[in-house]
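The structure appears right after this line, and notes come after that.
The values are calculated or read from the model by the stated rules, or taken from the named source; none is laboratory data. Bear in mind the structure is a predicted one, so any value in this text is a computation, not a measurement. Methodologically, a virtual Cβ is constructed for each residue, glycine included, from the backbone with ideal geometry; neighbour enumeration extends over all protein chains shown.
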Amino acid sequence: MKILTATALCAALLAAAPARAVPIFNFQFIPGTSLQAQQGFIAAGARWSALLTDDITVNLTVGFGALGGGILGQAASTQDFHSYASFRNALDADRSSALDNTAVAHLPLNSFGLLINRTANNPNGAASATPYVDNNGSDNNSTVFITNAEAKALGMAVAEQSLPGCIGNCDGFIQFNSNLAFDFDSSNGIGATQYDFVGMAAHEIGHTLGFISGVDVLDFNAPPNNGPFNDNEFTYVSGLDMFRYSPLSSASGVIDWTADGREKYFSVDGGATLGAQFSTGTTFGDGRQASHWKDLMMLGLMDPTAAQGELLLITQNDRMAMDALGYNLAPIPEPSRAAMYGAGLLMALAWAGRRKYFHGNIN
């Protein structure tokens, strides 16, 4: 299987900049993926390589095929559990910005508390929607799960894994539906009846880099869907969740890991500063997966939906999230180049007259 990388495109983007390390994205293509789609994935990887300076290799199996129905695409990332203490130590050792310094300074040392609900042992009643503080030091207070790509960026040990659909070991699997009309060249805008392929591919790569949330696990595993389960069974707090707050959780000095419709926001200073809002869950929240920014607020590439004719770009919110996750950022480009990455646009995917999720996780 031929392996292509984003090296060439990234080198072109950085031609005027000093030499520096960049993430290399190795793409293995599902048979039948068109050359246009292959080039689109490579361009999407190059966008991230132009913004990050981590000397890592991210292995992705990607493709383009007839998925049928109203499916836009499917995606998954390899993930693993790490002790919270080792995760925090890695973030501390990897600090390279003022944001990093603030983020690490506000992380607890050995374990963390969280606001949670809908558990079997909720003191307000089994499966109660009422939030409570869980800080008893059990596994879910001392464990995080992060993507392998994020672990690589932090210099943590990574166990090579595979996923359904992957060709060999990989850090992520991404496939889009070739039955939809995509625009593969955003240099002259996106066609009014087409979707921005490179932008969507960059979005999915963003998930493999670590833009994930374990709140989706709680949201799915609560009655009437499943469970309820005790809070110590939810050892799925992600690296990004360590910066997920609400006014209620901030007042208690803990992150907000609840499945409900209350406002949740990104913050690197313990919740004191309200950053971009997060989506809050498909079942008990706002109808969007928690592993995204809040919909319809023009927040960034990692918004949950997209529209025909819409150009999808990496924004300052996306950059800040990646910085907090442990990635090292390149200097902000000059204004003429920043336009490629800096504008936040509304992403509201409408297909067959209905709003659709930006993607579907399959892991």
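Remarks
- Looking only at segment 33-75, and only at residues there that are small (Gly, Ala, Ser) and assigned to a strand (DSSP E or B), the one that is modelled with the highest pLDDT: Gly63
- Failed item in (1) more than 19 Å from Leu218 (Cα to Cα); (2) out of contact with any strand residue (DSSP E or B) (no Cβ under 8 Å at 6 or more places or on another chain); (3) surrounded by 21 or more Cβ atoms within 10 Å (Cβ to Cβ); (4) not charged (D, E, K, R), with Leu296 passing the rest: (3)
- Asn124 falls short of the stated requirement of being modelled with pLDDT of 95 or more, surrounded by fewer than 19 Cβ atoms within 10 Å (Cβ to Cβ) and touching a Lys or Arg at 6+ places or on another chain (Cβ under 9 Å).
- Complete set of residues in segment 140-174 that are modelled with pLDDT of 95 or more and of a type in the set (D, E, K, R): Glu150, Lys152, Asp171
- Conditions (1) surrounded by fewer than 20 Cβ atoms within 10 Å (Cβ to Cβ); (2) in contact (Cβ under 8 Å) with a residue 40 or more places away in the chain; (3) over 19 Å from Ala151 (Cα atoms); number of the one not met by Val62: (1)
- Boolean, Ala259 is crowded, with 24+ Cβ neighbours inside 10 Å, modelled with pLDDT under 95 and assigned to a loop (DSSP other than H, G, I, E, B): no
- Taking the numbered list (1) buried (at least 22 other Cβ atoms within 10 Å of the Cβ); (2) among the small types (Gly, Ala, Ser); (3) in contact with an Asp or Glu (Cβ under 8 Å, 6 or more places away or on another chain) in turn, Ser138 passes all entries but (1).
- Failed criterion for Asn317 (all others in (1) surrounded by 20 or more Cβ atoms within 10 Å (Cβ to Cβ); (2) more than 16 Å from the chain's Cα centre (by Cα); (3) at pLDDT 95 or above; (4) not aromatic (Phe, Trp, Tyr) hold): (2)
- Given (1) out of contact with any helix residue (DSSP H, G or I) (no Cβ under 8 Å at 6 or more places or on another chain); (2) crowded, with 16+ Cβ neighbours inside 10 Å, number of the condition Leu114 does not satisfy: (1)
- Matching residues in segment 202-256 - criterion: being hydrophobic (A, V, I, L, M, F, W, C), in contact with a Ser or Thr (Cβ under 8 Å, 6 or more places away or on another chain) and either closer than 21 Å to Gly125 by Cβ or surrounded by fewer than 22 Cβ atoms within 10 Å (Cβ to Cβ) (or both): Val215, Leu218, Phe220, Ala222, Phe229, Phe234
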